[in-house]
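The values are calculated or read from the model by the stated rules, or taken from the named source; none is laboratory data. Quick caveat, the model's predicted, so the values are computed rather than measured. Neighbour counts are summed over all protein chains in view; Cβ atoms, including those assigned to glycine, are modelled from backbone coordinates with ideal geometry.
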Amino acid sequence: MAFFRFVSFALAVFFLSQSLALADDLKLPPPKTEGGVGIFEALKKRSSVAGGDFSPAELSNEELSTILWAASGLNRGEQGWTVPMAMGRPPYCKIYVAAKDGVWLYDWANHALKEVSKDNVKALVGSQAFVRRASHILIIVSDPLGLSTFSDPATQDEFAFVLTGAMTQNVYLAATGLNLGARYIHDMRIPEIVSSLKLGPGEKPICLMLVGK
Ligand SMILES: Cc1cc2nc3c(=O)[nH]c(=O)nc-3n(C[C@H](O)[C@H](O)[C@H](O)COP(=O)(O)O)c2cc1C
């Protein structure tokens, strides 16, 4: 009897740990890499959605997958990305995703999302009231570890800003291709971002990128 109780307990612990592991990591579906509008049409149409114009509709996981892949996904095996990186280094800016069901960190190597928290922080991160209306808010944060390969702080800032520009322009173009709205936002609440994303020393929020319908 004691043996069966032990086996039931061990199985319960096993299945609980499996379900917790699944809750922490979300493998994204493959991104869209074909079709859609051509690059020149996307350039012709690229614009920022007016702040208040996001509908309550949510992005699908497929749409989110394509947006994140466009922002800094692998496009040539294990060492090539959709955005240019200084000296071909791996992405030295991180992308956090704030959605209604929590905060996630984009793991470009596995094209997956790692859970940071289950909190809806969309109303906290921007200074403008409309920011919370976007289905998903990408929060781009400089990664001091990745940037430490570059010698001086001015170069590190420059490279992080250049990368952020490339990432956000790719998001604008991918959003145009998917018929989604996007808007770059500088006006952020830094202390709230630092605490809700659990940022470490030297991790600096650079901008928000709103994406929605
Ligand atoms: C560096 C930068 C900072 C911006 N900051 C904000 C912002 O804090 N709030 C906002 O509503 N829009 C912001 N925007 C969006 C611009 O207002 C928008 O891009 C501009 O009005 C031009 O419109 P377009 O993107 O449709 O061409 C920012 C854009 C850039 C490039």
Do we find a residue being surrounded by fewer than 21 Cβ atoms within 10 Å (Cβ to Cβ), basic (Lys, Arg) and over 13 Å from residue 94 (Cα atoms) anywhere in segment 130-150? yes
I want to confirm something. Restricting to segment 113-160 and keeping residues that are of a type in the set (Lys, Arg) and over 13 Å from the mean Cα position of the chain (by Cα), which single residue is farthest from residue 183 (Cα to Cα)? 118
Pull out all pairs, ordered by first then second residue, where Cβ-Cβ is under 8 Å, the residues are six or more apart or on different chains, the first lies in segment 14-41 and is more than 27 Å from residue 175 (Cβ to Cβ), and the second is at pLDDT 50 or above and surrounded by 11 or more Cβ atoms within 10 Å (Cβ to Cβ). 23/115; 24/114; 24/115
Answer yes or no: is there a residue in segment 133-144 that is within 13 Å of the ligand (Cβ to nearest atom) and assigned to a helix (DSSP H, G or I). yes
Please go through segment 57-74 and give me each residue that is in contact (Cβ under 8 Å) with a residue 40 or more places away in the chain and loosely packed, with under 15 Cβ neighbours inside 10 Å, ordered by number. 57
Would you confirm whether any residue within segment 117-125 is within 14 Å of residue 72 (Cβ to Cβ) and buried (at least 17 other Cβ atoms within 10 Å of the Cβ)? no
Going through segment 148-187 one residue at a time, which ones are near the ligand (Cβ under 10 Å from one of its atoms), part of a helix (DSSP H, G or I) and among the small types (Gly, Ala, Ser)? 165
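The rows are residues; the columns are (1) away from the ligand (no atom under 16 Å from the Cβ); (2) aromatic (Phe, Trp, Tyr); (3) under 22 Å from residue 186 (Cα atoms).
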site	(1), (2), (3)
32	yes, no, no
47	no, no, yes
66	yes, no, no
70	yes, no, yes
Go through the residues of segment 188-208 one by one and say whether even a single one is touching a Ser or Thr at 6+ places or on another chain (Cβ under 6 Å), within 11 Å of the ligand (Cβ to nearest atom) and over 22 Å from residue 64 (Cβ atoms). no
